[in-house]
1. When region B:52-62 is examined, which residues are found to be closer than 26 Å to residue B:88 by Cβ and in contact (Cβ under 8 Å) with a residue 12 or more places away in the chain?
2. Has region B:30-45 got at least one residue that is more than 11 Å from every other protein chain (Cβ to nearest Cβ) and either touching a helix residue (DSSP H, G or I) at 6+ places or on another chain (Cβ under 9 Å) or within 22 Å of residue A:218 (Cα to Cα) (or both)?
3. What do you reckon, is residue B:27 within 10 Å of chain A (Cβ to nearest Cβ), in contact (Cβ under 8 Å) with a residue 24 or more places away in the chain and farther than 24 Å from residue B:86 by Cα?
4. Return the pairs, sorted by first residue and then second, in which the second residue is surrounded by 15 or more Cβ atoms within 10 Å (Cβ to Cβ), the first residue lies in region B:79-108 and is part of a loop (DSSP other than H, G, I, E, B), the beta carbons are less than 6 Å apart, and the residues are 6+ apart or on different chains.
5. For residue A:267, are the conditions met, namely being surrounded by fewer than 23 Cβ atoms within 10 Å (Cβ to Cβ), more than 14 Å from every other protein chain (Cβ to nearest Cβ) and either outside any helix (DSSP H, G or I) or at pLDDT below 95 (or both)?
6. Test of understanding: among A:168, A:150, A:154, which residue is under 16 Å from residue A:42 (Cβ atoms) and not in a strand (DSSP E or B)?
7. So, of the residues in region B:2-15 that are more than 8 Å from chain A (Cβ to nearest Cβ) and surrounded by 14 or more Cβ atoms within 10 Å (Cβ to Cβ), which turns out to be farthest from residue B:83 (Cα to Cα)?
C-alpha cells in the first residue's frame, strides 16, 4: 500500500490541477459568451447579403465575375480552420481528421492548404502537403481586419487562377456542447437563383456593376462567418472538456481521500495492537 | 414608417422603424421614404442620416456598402459605420494625414487605396464636426 505521505502528495497535486482546469473552464465560458455574441452579430449581415445576391443573380443572369467563373479543377485549396490552443477536447483532432479524409482524394501536386490555427499548422508543417499560408494569431478571437486579409488572399488566389477550387473546412456551432465539422465549397461562388424574380427592382447604376461590388463583400462574410462559428465551437468544446476534467479531478480526490483515511485507520489499529501486545507481554 | 436595419460584417448597427433615410449613393445622395420602389444600389463613403418614429435624427459616418429597399423595408449593408461618438477623432486625423502624405509622394504605393483611405478619414472628421455643430446649436 502507498504510504500516507504519498497519498497526501497526490491529493494536493490533483487538487491544484483541478483548480487550473476550473479556471480554464471559466475563461472558456467567458470567451464563449463573447464568441457567441460575435456570431449572432455576424449572422444578419451574411443572411442579408445572401438574400440580395440571390435577388441579383436572378435579375443579372448575364453577370460574369471572376469569382463566379467555374473552371475545370486542376488545383484545389483547402482552408482548414482550427484553434491556436489545445486542451479543447477533441476539437482540433476532429478538424484534422476531416481534413485528412478530404485530402485522401488529392495529392500534394494538385492541392494546397491555407491554415488557420496553430494546432492545425503543428500537424501539417511536417507533412507532404504544401502550406500556402498560415494564420496563427487569431487566438480564438474574431478580428475583422485579419479576416479580411484571409478573404483577400483567397480571392486573389482564385482570380489569378492559381487555384480552381477553394474549400472551407470549419466547425459549425450548434450549441455549447455540440458542433459539427463542416466542409463547404467557397469558390467558385455559385449563387442560388431565386425562382421568382421581383422584376420591378431598380438597379442603380446597373446589375453588373452592383454584382462586381457585392461579390467580394459576400465572400468576406462567408469567411467571417466560418471563423465566427469555428471560434465559438472551439470555446464551447474547451469549456465542456475542462468541465469534465474538473469533475474527474473531483472524483479522483474523493477516491484518494478514502484511500488515505483507510491507510490512516489501518495505521492507528496497528499501533493499538502493538501497544496492547506489548502490555500483555509484560504481565 | 418602415423597418430599417443597418448591419456590418461584425455587428448589427441599427434596427428599428424609421420615417426617412438619406444615404450616400455612388451617384449622389438619395432619400428613402415609406413606400419607396424596390431598389438596390452600392453606397459610397459619406454621411448617412435617418429619422426614427419619434422624430429623432441620427447621423452616422458610412464607409461604403449597399442599400436594398424592398417591400419588407430597407437594409444597409455597411462596410463600416459609426455614430459620431464612436469615432476616434485623433485616429481619423492621423489616418487622413498618413493618406495625404502617401498621395503627395505619388509613386509606388497604391494611389486609389490611399485616396479611399483619405476619403474615409475625412468623412469621419466631417461627421464629428457636424454632430458637434448641431449639439452646440441645440444648447
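1. So the first thing to find is which residues in region B:52-62 are closer than 26 Å to residue B:88 by Cβ, and the list is B:52, B:56-62.
Across region B:52-62, the qualifying residues are B:52, B:58, B:59, B:60, B:61, B:62.
2. Yes, there is a match, as at least one residue in region B:30-45 is more than 11 Å from every other protein chain (Cβ to nearest Cβ) and either touching a helix residue (DSSP H, G or I) at 6+ places or on another chain (Cβ under 9 Å) or within 22 Å of residue A:218 (Cα to Cα) (or both).
3. Taking the combined requirement at face value, the residue does not satisfy it.
4. Listed by first residue and then by second, the contacts come to B:79/B:63; B:79/B:64; B:79/B:65; B:80/B:8; B:80/B:63; B:83/B:60; B:87/B:124; B:87/B:128.
5. When the stated conditions are applied, residue A:267 passes them.
6. On the way: A:168 fails: not in a strand (DSSP E or B); A:154 fails: under 16 Å from residue A:42 (Cβ atoms).
After ruling out the rest, the residue left standing is A:150.
7. Checked region B:2-15; the qualifying residue farthest from residue B:83 (Cα to Cα) is B:2.
Quick grid of which residues meet (1) under 29 Å from residue A:91 (Cβ atoms); (2) touching a strand residue (DSSP E or B) at 6+ places or on another chain (Cβ under 8 Å); (3) modelled with pLDDT of 80 or more:
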site: A:170; (1), (2), (3): yes, yes, yes
site: A:175; (1), (2), (3): yes, no, yes
site: A:181; (1), (2), (3): yes, yes, yes
site: A:191; (1), (2), (3): no, no, no
site: A:196; (1), (2), (3): no, no, no
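The values are calculated or read from the model by the stated rules, or taken from the named source; none is laboratory data. In this text, all values refer to a predicted model and were calculated from it rather than measured experimentally. Don't worry about glycine lacking a Cβ; one is built from the backbone with ideal geometry, like all the others, and counts go over all protein chains shown.
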